[in-house]
Structures are given as C-alpha cells and as structure tokens.
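Novice: This structure is in structure tokens; I'll ask about it shortly.
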Amino acid sequence: MTPPGNVLSRPRAARGGVRTGRRLGSWGTRVLGRGLGARRSRTGMLLVTPAVAMVGLFVLFPLGFAVYISLTDWPLIGPYHFIGGQNYSLLVHDPQFIHSVLFTLLYTAIVTGPILLVGYGMAVLVRSGRFGSVFFRTAFFLPFIVGLATESFMALLELQPDSGAADYVLSKIGLAHANTAWTVDYGLALTAICVFVIWFASGLTMMLLMAGMQGIPVELYEAAEVDGASWWQKEWRVTLPLLRRNIALALIISVIGSFLAFNQFYILTEGGPGTSTQPVVMWIYEEAFVQYHLGYATAGAITLVVVIGIISAVQFFLLRDSDSGRSRGDRRPVRRPVRRPVRGTRR
Amino acid sequence: MKLSARQTLTGAAAVMLLSAAACSSSGSTPSSAGSAGSSSFGVNATGTVQFWARTVSKTLAQKLVSEFNATHKNLQVKLTLTSINDDVTSLATSIRAGNPPDVVGLNDIDTPTFTRENAFMNLTPYIDKLPFKSDLSPGHMGLATYNGQEYGVPYWADLSVLWYNKTLFKEAGLNPDNPPTTYAQILSDAQAINKLGHGVSGFTFAGDCQGCLGFTVQPGIWADGSYLTSGGIGSQTASITNNQPLVQALTLYRQIWTQHLVPDNDRTDSGATWGEDFAAGKIGIMPGGYGQVVDLVKPSQLGTEFMDTQLPGSNGGYSTFDGGDDFVIPTAAKNASGAWEFIQWVLQTQQQVQYPALGATPIRTDVLTPTFSATNPEDAVALKALAKGYAPVTLVYDQMFNQASGPWFQMFSTAVYDGNMSLAVQQGQSGLTRLLQQAS
C-alpha cells in the first residue's frame, strides 16, 4: 500500500514526529511510533518479567494454594477432601472466631489513636535540630528496633506480681497493689498490653511523621508567621494538611500491625485467661498448629487477608489527597505549595 | 474425590517446574542390605541415618550420636535438632513431601497423631525380639501402640517427681530423710517450712503453665488409681464427674493457694521461670521434672541440699508422668535398617546408664540396679517411678491439657484460684467431653 502524498513535504511531520530527527508524515509517524511503542512495550515487559515471576511464584501461587487448602478439610497428615465453602460457613458461626475478631477490633480501636498521637507528639519534639534531638529520636525509636518478641519477654518479667518493676513502681505511687497479677486478668492484661504496644509502636509513627515534617518548606511557616499565625494555627493549617500522606501511611501500617498482633499476646497471656485475650492471628495459630485443623485455619487466614485488604482500601480512600482522585487525562494545573530546597530544619 | 496431600503437593510442584527440587534427596544413604522383614534388618547396616531429635534432648542426642559414629564406621548418624514448638509440623511436612528422616525422637504424647495415619513403620516384630521388651517404659510403649501394634520404642524419659530442700526441712524441724508420701504430709511440711519466713515459701508451682500443672498434678490422681479419660482412641470419654482423687488433688492445691504457702508470682508463672526460686533455695517442696532441677542446680547440691522423691497420691502410692520421647521410623524412611540398628544400640545398658549425667532418665526399668542407685540416687527415684508411670493416650492431649483455653486449666483455675469445685468439675467434664467427641 502506497502512503498518501509526499510525507517528507509535510511540515507537521517535524512537529509531530518522533525523536528520530527525521521529517516524517503523520502516517509515517504513526507507523514508526507504533513500532517504537511496541518495541518499548516489549522491553518493558522483559524488564518487569523477573519481578512478575517472583511475585507469581512467592505471592500469587502460595495465596492461590492457600485458598485451595481453605476449601478442604486439610489435616496435619493423611488424606483430605474437597469440601467447598464449608470452612467459611463454619467460621461465621464459630463463637471463638467471632470473639477473636471482635477482640482484635477492640484492641485495634484502643491502640491506633494513641499510637498516632504519641508518635505525632514525639515527632514534634524531635523534628528540630536542637541539642539532644538526635538522642531522643534514637531513644524513642529504640523500642521498635529491639523488637516486639524480646520486649514481650522483658515485659513478662516486669509484670510479675511481687517481683516485677511495674508493681513496684505503681505501688510506690499508689496506683496498684504490689501483688497485682497483670497477665491473668482480662482487663489488666488488655490494659498492660495496650500500654506496652503504644510504647513500642509510637517510635515508628514518629519516624514517618518526622520525615514528612522535615520536608515541609520553611517558607510556609515564615509566611504564616507574617500573617500572625500562632503555633497551633501553624500546626493545624500548615503541618497537618501537608502531612496527610504520612499520616495515612502511619495509620495504615498501625492498623495492619494491630490486626496481625500475635507476639505480645502469645508471650504475655497466651490468649488467657481462657480465650479472652486471643486475637485472630492467635486463633489461626491455635487452629493450625495445636488443633491441626489446617484447612479451617487457612480459611480464617484468608478471611483475615480479605478484611485487612478492605480496611486498607477504605483507609486509602478516606485519607487520600483531594487531588489524588483526578483522572490521568485531567490536565488542569494543580495548585501545590512551592517546594524549595529546605535550608535546614525550622526553628 | 479423595486426594492425598502428597499428590496435590506433587502436582503443584510440577506446575511450578520445581518437582526436581522437591524430590531431592534428604541426604540419607540407603543401607545396602536389611530391608524390612528380612532377618538382616537392623544388622550391619551401612550408609547414613538422618536422626531428628527435639532440642530438649540436645545434650543426650549429641552424645549418643557422637559415640555411635565413633564406633560404627560403616553407618553414620546425622543429627538434626528440631524446635520443640514446631517439631510436629516439621515432621508432618517432611512426611507429606515424601522425604522424612530415618528416625525421629518424637514427643511421646504426639505419637498417636501419626500412628493412626500409618505414618510410622510397624516395629512389633523387631521389638518382640528385644530381650528387655518387658522392661521398656510402659507409658512410652502405651503411646506408641495402636490397634495392638507397636510403632515406636522409648528414647528417653522426662519424669515428674517431688523435689524438696533438705536444708529447709532441717531448719523447719522436719526429717530430711522422711519426705512427704501423702497429700496431708505435703500440706503440713509446706506449712512448717513456710513459717520460716525471710522470703521462704513452703511450696511452689507454675500457676499459669498448663503443661507444667498437667505434668505434676495428674500423677497424684493416677497414684490413687483414677484417670481423667477412659476408653481407647475413637471411643474415649471424660471421667471427671464423681472423680474423688481429682477433687482431692485440686483441694490440696486450693489449700496451698489460700494458705499462701507459695510465692505470689506463682499465679502468673507461665513456666518461663519455673523452678528458679526452688534452685535459689527459697522453696521447701516443688513438684517438677528430674532433668529440670538437674539443669538448674550445681551437681554438688544434688543429694546434699536438694533431693527428690516420688509424686505421691492422696494416701500413699506414687506415679509419674511418663514424658519424654519415643523413637519412631517414618514409613518412607530411606534407611530404616540403619535407623533400627541405631535404636537398638541406644537401648543397650551401656548407653542407658549414661542418661543421668546427661539430664535424662533411662527408659528401661531393669537399669535400676543397686549400683545405678548408688551412683545416681536422684535419677534412681525417677527410674523407680517409671514402672508405675503413665501418660494419657489421646489424639487431643495438647488441646485438653496444654492450652490456656483448654478444659484442664479452666478446671484447675476455677477450683484452685476461684474456689468453686462443683463448677470446676462441670467445666472439666463438658470441656474434655467436647474435645474427645471432636477427635473421635
């Protein structure tokens, strides 16, 4: 097929041509563009193939296999049978599973807010370059670095009645009896674990928020000060809006972490007294590795994955930036604060 | 459609083009002779034997393997230590993959879970040929027996005894050579020692450790001739209601608790610090394991400061929890002949008498000779109890006795800490019945 007209004589070809330096007509441009685009697509595909293969091998396949196991009565050893959705229908009628889900929700509701507030407060304290801020950043972040399992064992010793530091200190200031048994009473155990986890996890939130705070241009605060803004107004009108994404990230990490809570409960209370402090991951563990109901436990795990996915999606939606929902074709200019090189941390 | 897990795993592996890796050798080298059923089975085997032992028997296993390898040039044992928390799932996974070890030191209470699935080799004809068969630990053998066939032999014993502090007995005016042999004596001796004051308590127990309590409280009930379950696997029932020995055992602990004869932090002891106060010389009497205290105190303190006696029943008699491990050979073991040769070697007297020094109790009652008693007086106490030892044969032991949410601990807590015996018995009967019905 002959191309229409003299493609080389069309001035538009130069404007619309691809970056070949040659003057091409629109048809030629389209053909050449399609060829190059296809080649780029193939190159892109080749480059991402190893990553896709790894994700498929180590994420999608195990996930799919787990879904399959959840549709069977998979035991520890021996033959199994395909039972369809029976495990899932049993789950919704299992009072212990429902209790563990509700307990996990309660635990998440209790700790999420304080972790954010304490983390924010600590970030405010250490975001400047004042003397000692590096020390406090390290000190606040240290619990997260040491690790939850190690610290849970330490807490177990310090919560012992008559010999632990918790009872000693609290009895000295009149807040508890010297023989308070924290880990064998539902209310006391939940209180102790929540306080412990807030202490543990706030450091990570602090780091996430501090990084965001240090990225805010100092000129914005200077402008606010010129307008007569108070410290609270600067935090409320400047810092918080610009930290929206950091706060969203911190909240999502915190909520997912709370839904996956296991170590602290396993070490400190073993889910007791009875099963009153048994979070959903411990329920899964007990079903799988104590009761050896692997199919049923996997159904619980898949349900948890779905629930976490939904909650994370809802969080992403609620905490999204107001401009992040724009379509890709929307070319209207976006009004963003000017981000100039930061001349140093403010104040 | 009925599929085996192994078939599915193999198919999945093929889809992933990993079947070659999945089917790779475990490292066992098959014996050149001695297939199962032949007269040469377990005799002059060659190659390598893969031996999985729990970390709790690390010292014993390492010593045995080292000595065996030094004396058997043509048959070498390769030891792999498995975590006590996931040894069962590790073994099940290896069996599913068709690549199990040749011999396993398996927690004896977990053995029934595997034997009913024919996962282990039937060792009955070989055990029958052992001249000391009748001397093997009855509790271990009971757990390894299914439908009249024996699928394992004892490896080592972890037995519960009653430890006491001879120094505190003397200080309290008690005769250290006359330890308690009834519940009443336990209570009165604990009361006398508790009066010493200065941080000394008469008694101790791990009050939030379900397994520890099952290990130490049940033998008193067995000594009185009673058991918490009855019947064989598949038709077991709970025997809690009207179980007077059980009520007497719980009553003893209730009295000890309400009279403050134990440290306050016993209530929250999940086992992590169990026995440390006894080893520190602050406790008069402690039910516990033989190896547990041996690991906590200096050798010079054994017999001089600390001594043990059998766990008594309410009015005399004694028993012990027949814990520890069984030797089992998975059905798909590549060198079963070599594994059986190694097992036979371990069961010999020459190896058995080394157990006390390695923190374990032998599993042959005929090892208890005057010489053994003179050399190992504390382990001799445990070994004497072995003949009267017992361990519940059930598929749901962990669920019943080792869980914070299990019926055993719920019953113990209600009776001892809350003081409501009738409710405790109801909870125990209904909880055990529910689990036994699920398992049948």
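What follows draws every value from the coordinates through simple rules; no lab data is involved. The model shown is predicted, which means the values in this text are computed figures rather than measured ones. Here the Cβ is made from the backbone with ideal geometry for all residues, glycine too, and neighbour counts use every protein chain on show.
Novice: Once both labels are modelled 7 Å past Cα along the beta-carbon direction, what's the B:Thr375-A:Phe153 spacing in nm?
Specialist: A separation of 3.6 nm, rounded to one decimal place.
Novice: Further question on the same structure: Quick one: order A:Met45, B:Met121 by neighbouring beta-carbon count within 10 Å, fewest to most.
Specialist: A:Met45, B:Met121
Novice: Using 0.36 nm per residue of separation minus the Cα-Cα distance, give me the extension gain between A:Val67 and A:Leu117 in nm, one decimal.
Specialist: Using 0.36 nm per residue and subtracting the Cα-Cα distance, I get 14.2 nm.
Novice: Using only Cα positions of the protein assembly as shown, each an equal point scatterer, no hydration layer, compute I(q)/I(0) via Debye at q = 0.11, 0.12 Å⁻¹ and quote the log10 values to two decimals.
Specialist: Reported log10 I(q)/I(0), two decimals: -1.31, -1.46.
Novice: If you don't mind, another one. Summing -39500 (n - 2.57) over the DSSP H runs of n ≥ 4 in chain B and dividing by its residue number, what mean residue ellipticity at 222 nm do you reach, to the nearest 500 deg cm²/dmol?
Specialist: -11000 deg cm²/dmol
Novice: Checking a compactness column here: for the range B:222-373, what do you get for Rg(Cα) / (2.2 N^0.38 Å), N being the number of residues?
Specialist: Compactness ratio reported: 1.33.
Novice: From the Cα trace of the range A:168-214, what convex hull volume per residue do you get, rounded to a whole Å³?
Specialist: 96
Novice: Can you give me the orientation-averaged projected area of the convex hull built on the Cα atoms of the range A:41-186, in nm²?
Specialist: Over every viewing direction, the Cα hull of the range A:41-186 projects on average to 17.8 nm².
Novice: Could you give me D for the range A:94-318, from Stokes-Einstein at 10 °C and 1.306 mPa s, where the hydrodynamic radius is the Kirkwood radius over C-alpha pairs? Units µm² s⁻¹, please.
Specialist: Stokes-Einstein gives a translational diffusion coefficient of 82 µm²/s.
Novice: Then there is this: Just add up the charged neighbours of B:Gly105: K/R +1, D/E -1, any other residue whose Cβ is under 10 Å from the Cβ of B:Gly105.
Specialist: So the environment of B:Gly105 carries a net charge of -3.
Novice: Looking at the protein assembly as shown, what % of its DSSP beta bridges pair antiparallel, to the nearest 5?
Specialist: 65
Novice: Between B:Glu171 and A:Ile311, what is the FRET efficiency for a Förster distance of 41 Å, r being their Cβ-Cβ separation, to the nearest 0.05?
Specialist: Approximately 0.10, to the nearest 0.05.
Novice: Quote to one decimal, in nm, the extra length available between A:Leu142 and A:Lys172 on full extension: 0.36 nm per residue of separation minus the C-alpha distance between them.
Specialist: Taking A:Leu142 through A:Lys172 to full extension adds about 8.1 nm, to one decimal.
Novice: Mind checking the mean number of beta-carbon atoms from other chains within 10 Å of the Cβ atoms in A:177-189?
Specialist: Across A:177-189, the average partner-chain Cβ count within 10 Å equals 2.
Novice: Please give the per residue volume of the convex hull enclosing the alpha carbon atoms of the range B:98-216, rounded to a whole number of Å³.
Specialist: It is 180 Å³ per residue.
Novice: If you find the alpha carbon centre of the range B:320-360 and of the range B:150-195, how far apart are they in angstrom?
Specialist: That distance is 29 Å.
Novice: Report the Rg/Rh value for the range A:90-129, based on alpha-carbon coordinates and the Kirkwood definition of Rh.
Specialist: Result for the range A:90-129 is an Rg/Rh of 1.38.
Novice: Would you mind ranking B:Phe205, A:Phe196 by Cβ crowding within 10 Å, fewest neighbours first?
Specialist: A:Phe196, B:Phe205
Novice: For chain B, what number results from the quotient of the Cα radius of gyration and 2.2 N^0.38 Å?
Specialist: Cα Rg divided by the expected 2.2 N^0.38 Å: 1.03.
Novice: Please report how far the C-alpha centroid of the range B:401-440 lies from that of the range A:235-304, rounded to the nearest whole angstrom.
Specialist: A separation of 28 Å, based on Cα centres.
Novice: Okay, next question. Report, as an integer, the average count of C-beta atoms from other chains found within 10 Å of each Cβ along A:70-81.
Specialist: 5
Novice: A further question follows. Relative contact order (percent) for the range A:94-318, with alpha-carbon contacts under 8 angstrom and 6 or more residues of separation?
Specialist: 28
Novice: DSSP loop (so not H, G, I, E, B), at most 14 other Cβ within 10 Å: list which chymotrypsin sites (Phe, Trp or Tyr not before Pro) in the range A:47-131 pass both filters.
Specialist: A:Phe131
Novice: Cut-off 10 angstrom, C-alpha nodes, Gaussian network model of chain B. Which of B:Ala249, B:Ala70, B:Ala223 fluctuates the most?
Specialist: Comparing B:Ala249, B:Ala70, B:Ala223 in a Gaussian network model of chain B, the most mobile one is B:Ala70.
Novice: Among A:Ser128, A:Ser89, which comes first, second and so on when ranked by fewest other beta-carbon atoms within 10 Å?
Specialist: Ascending Cβ contact count within 10 Å gives the list A:Ser89, A:Ser128.
Novice: Give me a single rounded figure for B:263-274: the average over its residues of other chain Cβ atoms within 10 Å of their Cβ.
Specialist: Average neighbour count from other chains, rounded to a whole number: 6.
Novice: How many percent of DSSP beta bridges within chain B run antiparallel, rounded to 5?
Specialist: So the antiparallel bridges amount to about 65 percent of the total.
Novice: Dividing the convex hull volume of the alpha carbon atoms of the range B:312-402 by its residue count, what do you get in Å³ per residue?
Specialist: So the per-residue Cα hull volume is 139 Å³.
Novice: Give me the one-decimal nm value for the distance between modelled label points at A:Ala229 and B:Thr258, 7 Å along each residue's Cα-to-Cβ direction.
Specialist: Computed distance between label sites A:Ala229 and B:Thr258 equals 6.8 nm.
Novice: Using only Cα atoms, find the angle between the long axis of helix B:58-71 and the longest principal axis of chain B, and express it within 0 to 90 degrees, rounded to the nearest 10.
Specialist: 40
Novice: For chain B, what is the relative contact order in percent, using Cα pairs closer than 8 Å and at least 6 residues apart in sequence?
Specialist: Across chain B, relative contact order equals 24 percent.
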